[in-house]
Amino acid sequence: SSNPSDKYDNLKAVKTPMLPPDSYKGKKVFVTGGGTGLGKAMTRMLSQLGAEVAIVSRSPDVLKSTSEEISGETGNPVHPIPANIRDPEAVKSSVDQFVEICGGLPDVVINNAAANFISPSERLSPNAWRTIVDVVLNGSMYATLEIGKRLIEQQKGANFLTISTPYAALGSPFVTPSGAAKSGLENVTRSLAVEWGRHGLRFNGIAPGAIYTKGAFSRLDPSGKFQKILTDSTPTGRIGEQEEIANLACFLCSDYASWFNGEIVMFDGGQTLQASGMFSSYLKLSKDQWDQAESMIRGTKGS
Ligand code: HXC
């Protein structure tokens, strides 16, 4: 195969936790959308590192089975807290439950819950638009406000992490509600990094490129063909692995990253830069074609 990641060991995914064992011992973590996908992967690694994690999402059954699976593996508590984050009252109650179960406010908050599907925008109803913006932007903000106000009141520091997307910065066709909502969330992340720094609260984000999860790929790549296009258009020749974003999240939310504030880390193997590079299509040129091009360029006389 011609994929660089098949050839070069330094481009392969490392899946074990990077931080020392027990780095999160005594830390309480609130993860929205922690029952599945990237939220589950981050929950698993935090739990491996000793954290007490509460996972918050709509589906009690999914939360229950994920909690049992992960706490069974790690021996550390994972608490299921069912709540639809589109409902501010449910978010408030989830924070009440968190405090009751964990005995205090979180040290780390991961705003991971998302909703998305590809669709030509002319096919979107107002309710389709509202549904996605409600989960991604409003839901994350309800959790941030509910927890942030209480942290400030109690003068307790905490680290917040936003899970964004590479197209939040410049937009993308066919995902206008998600792009708008994630872009708004990045704006909030940077704003609160400044506004609430004096209260001991750090805010950062990760903009992950393609990492396989059923939730995302079933809605964004229904035919399965897009995965190959992404792989082929990534400089290192592969999509990401869930443990890789988990390692980055564990670092950014740890005290090793206490000088990280207001940063959204692009985490996509360079795919976004390759897509935006004006001459990226020249990566396909062979040595002969470059020899030919060079001699034509050198042969140019005058302007
Ligand atoms: C057009 C659609 C649609 C589609 C739903 N709708 N699917 N419109 N095309 N494919 C419309 C519905 O008709 C309805 O509008 C409105 O959206 C709400 O749909 P419901 O099914 O009633 O909502 P709900 O059951 O709450 O489901 C929410 C959902 C679903 C967003 C539609 O996909 C979901 O639960 N997703 C959660 C998981 C997820 O999406 N994960 C991916 C995240 S990936 P009307 O007008 O008919 O009432 C991500 C970043 C990706 O965020 C980055 C990749 C690199």
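Things to note:
- Selection of chymotrypsin sites (Phe, Trp or Tyr not before Pro), region 6-64, meeting DSSP coil and at most 16 other Cβ within 10 Å: 8
- If you take all other residues with their beta carbon under 13 Å from the beta carbon of residue 181, and give Lys and Arg +1 and Asp and Glu -1, the sum is +1.
- Note on the chain: with neighbouring protein chains present and a 1.4 Å probe, carbon and sulfur make up 55 percent of its accessible heavy-atom surface.
- Residue 225 - accessible surface, heavy atoms, 1.4 Å probe, Å² rounded to 10: 150 Å²
- In the context of the full set of protein chains, residues of region 19-175 present 43 Å² of accessible surface per residue (probe radius 1.4 Å, heavy atoms only).
- Accessible-area ranking of 245, 118, 297, largest first, probe 1.4 Å: 297, 118, 245
- Cα shape, region 54-106, gyration tensor, a/c 1.5 rule: oblate
- Accessible solvent surface per residue of region 189-274, calculated while the other protein chains remain in place, 1.4 angstrom probe, Å²: 51 Å²
- Cα gyration tensor shape of region 47-204, rounded if a/c is under 1.5, else prolate or oblate by comparing a/b with b/c: oblate
- Among the listed pairs 28/92; 28/149; 28/182; 25/156; 40/64, those beyond 19 Å (Cα-Cα): 28/182
- The residue list 187, 169, 111 was ranked by how far each Cα lies along the charge dipole of region 86-201 toward its positive end, using unit charges on Cβ atoms, and 169 comes out on top.
- For the listed peptides 142-153, 39-50, a ranking on the average number of other beta carbons within 10 Å per residue, highest first, reads 39-50, 142-153.
The values are calculated or read from the model by the stated rules, or taken from the named source; none is laboratory data. None of the values given here were measured: they were computed from a predicted structure. Note that we place each Cβ from the backbone using ideal geometry, even for glycine, and neighbour counts take in every protein chain shown. What goes into the accessible areas is simple: the full protein's heavy atoms, side chains included, and nothing from ligands, DNA or RNA. Shrake-Rupley method; radii C 1.70, N 1.55, O 1.52, S 1.80 Å.
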